[in-house]
Every structure is written in C-alpha cells, then in structure tokens.
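Computed from the coordinates by the stated procedures, all read-outs in this text should not be read as laboratory data. What you see is a predicted model, and the numbers here were worked out from it, not measured in a lab. Counting neighbours? That spans all protein chains shown, and the Cβs are built from the backbone with ideal geometry, glycine included.
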Amino acid sequence: MNAKNLYWSGVALVVALAAGPVQAEEARSMLTGDVVVHEVSQVEVVLDSSGEIVQIRVDGCETCQQQSFLPARGLSVSVAGRPVSGGQLSRVNGQGGNVVENVGTGMARSVDFWSVRGVSGGEK
C-alpha cells in the first residue's frame, strides 16, 4: 500500500468513527426501550397561529397508546428523511409516516412522512 492509499484509508477511518457515535446513540436508545417507532396510516402535525408545532395526531396506529402526542423539544419533521419546511406540511399532513415516541415522556421526538409524490423535503 503506498502512502497516498494509506492517507485516504486514514481519512475514511476518521470520518467513519466520527459518524458512529450519532448512529450508535439512536440505535442504543431503541435497544434500551427509550424510544419506540410507530408506523401510522395518517399523521397530522398541528400548528398554532404562529406556526409552532403544538400536537401530533395519529390515526391508524396499532402500537400507539394514545391518539395524539405533544412535541418534544427539538422535534424534527421530515419526508423520506429530508427536513420539511412549515409551508410543506399542508402537502403531507394526513399521509402515512413514522412517529418516534420517547417512552419516558410520551412525547413525539420525530415525524417522518413516507415518500409522497411531488414532495421531497427540503424544498422552499
């Protein structure tokens, strides 16, 4: 192995090690039961008059113990893993998706709508 290949192998290792803790934290949280992911037929993100998320309503959820969730601080909303702006919510509200619930608080940590034709997240 020449010096150039050794250098790039080292860079790749550093990048992989840096990304590992974030993924490991989420995986560890799911393994210890801190969070549960619900597959939901219809998810509605409810906003107040100032555009703040105040509630997550669910319909068609076999594993949910409740029909609505309060949003946890730092709640993320996405479509197929891509962040969604407030203006796009009207296009995806009522669609199916995953809701990640913090088991200890019963609050929603994230909402990820499944891919919807014509909406790809991150658009303005």
> Counting only Cα, what are the radius of gyration and maximum Cα-Cα distance Dmax of region 35-113, in Å?
Replying inline: 11.2, 32
> Which ordering of Asp112, Asp34 is given by a fewest-first count of other beta-carbon atoms within 10 Å?
Replying inline: Asp34, Asp112
